[in-house]
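Structure first, then comments.
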Amino acid sequence: MEVLKTPIEGLLVIKPKIFNDDRGYFFESWSQKFFTENDLDLNFVQDNESLSNKGVLRGLHFQNPPFAQGKLVRVIRGSVLDVVVDIRKESSTYGQYFSIVLNEENKTIFWIPPGFAHGFISLEDNTIFSYKCTGVYNSASEDALIWSDIDLNIDWRCINPLVSEKDLVAGNFKNFISQF
């Protein structure tokens, strides 16, 4: 595996080593030894998976402390534009976003530490998105930013995504008071 830093401190792109042959492929999607050797001593407590059709947008979600979650995300089938917004008050990149395409071909893995709002839009039908979490789901600490916030100005590459009712009423960044 190869770890690549992003312009936003803490976000990491992980490129696994893929072994292809006549039978198909093999790669490690998680190795505690590798992550520990790269100063990421992580304890995952929950795995989640979602299925989305093209144009489904989920996010921008996060859990507030003390139930904040780090997420190790990847796509098993299909393709997404994965987006995170830095909501760490003391960060020099507070309010900035980073996006990356994750798909079944590139098998890229993305580490999102606590302190980021996270969302994705499915670029293909039947996309399976998988993520490992460092904390369990806690509905009382759950929060979200509106995906279409004009101050964040995220290019989702889609004009009219399919969004949940809950995500349609999420707060805007201008009025957001971060607990991170």
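The values are calculated or read from the model by the stated rules, or taken from the named source; none is laboratory data. Values in this document were obtained by computation on a predicted structure and should not be read as measured data. In this analysis, Cβ positions are derived from the backbone assuming ideal geometry, glycine residues included, and neighbour counts consider all displayed protein chains.
Restricting attention to the range 165-180, the residues that are touching a Leu at 6+ places or on another chain (Cβ under 9 Å) and part of a loop (DSSP other than H, G, I, E, B) add up to 4. The listed residues are 94, 137, and the only one of them that is modelled with pLDDT of 95 or more, closer than 13 Å to residue 62 by Cβ and not in a strand (DSSP E or B) turns out to be 137. Checking every residue in the range 61-73 against the condition of being farther than 24 Å from residue 9 by Cβ and in a loop (DSSP other than H, G, I, E, B) gives zero matches.
Let's see how each residue does on (1) touching a residue at least 40 places away in the same chain (Cβ under 8 Å); (2) surrounded by 14 or more Cβ atoms within 10 Å (Cβ to Cβ):
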position: 39; (1), (2): no, no
position: 42; (1), (2): yes, yes
position: 48; (1), (2): yes, no
position: 71; (1), (2): yes, yes
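In the range 5-32, of all residues being assigned to a loop (DSSP other than H, G, I, E, B) and charged (D, E, K, R), the one that is surrounded by the fewest Cβ atoms within 10 Å (Cβ to Cβ) corresponds to 22. Of the residues 38, 53, 106, the single one that is modelled with pLDDT of 95 or more and over 17 Å from the mean Cα position of the chain (by Cα) is 53. Number of residues in the range 114-124 that are in contact with a Ser or Thr (Cβ under 9 Å, 6 or more places away or on another chain), at negative phi, crowded, with 19+ Cβ neighbours inside 10 Å and not polar (S, T, N, Q) equals 4. Take the conditions (1) touching a helix residue (DSSP H, G or I) at 6+ places or on another chain (Cβ under 9 Å); (2) crowded, with 21+ Cβ neighbours inside 10 Å; (3) farther than 27 Å from residue 150 by Cα; residue 57 misses just one of them, which is (3).
Within the range 125-157, the set of residues being of a type in the set (Val, Ile, Thr) and over 14 Å from residue 87 (Cβ atoms) comprises 127, 128, 134, 136, 150.
If you go through the range 74-87 and keep only what is more than 17 Å from residue 111 (Cβ to Cβ) and either part of a loop (DSSP other than H, G, I, E, B) or among the basic types (Lys, Arg) (or both), you end up with 77, 78. Residue 90 falls short on exactly one of the conditions (1) loosely packed, with under 13 Cβ neighbours inside 10 Å; (2) within 21 Å of residue 171 (Cβ to Cβ); (3) touching a residue at least 60 places away in the same chain (Cβ under 8 Å); (4) not aromatic (Phe, Trp, Tyr), and that condition is (3). Residues satisfying the criterion are present in the range 145-163 (criterion: buried (at least 16 other Cβ atoms within 10 Å of the Cβ), part of a strand (DSSP E or B), touching a residue at least 60 places away in the same chain (Cβ under 8 Å) and under 15 Å from the mean Cα position of the chain (by Cα)).
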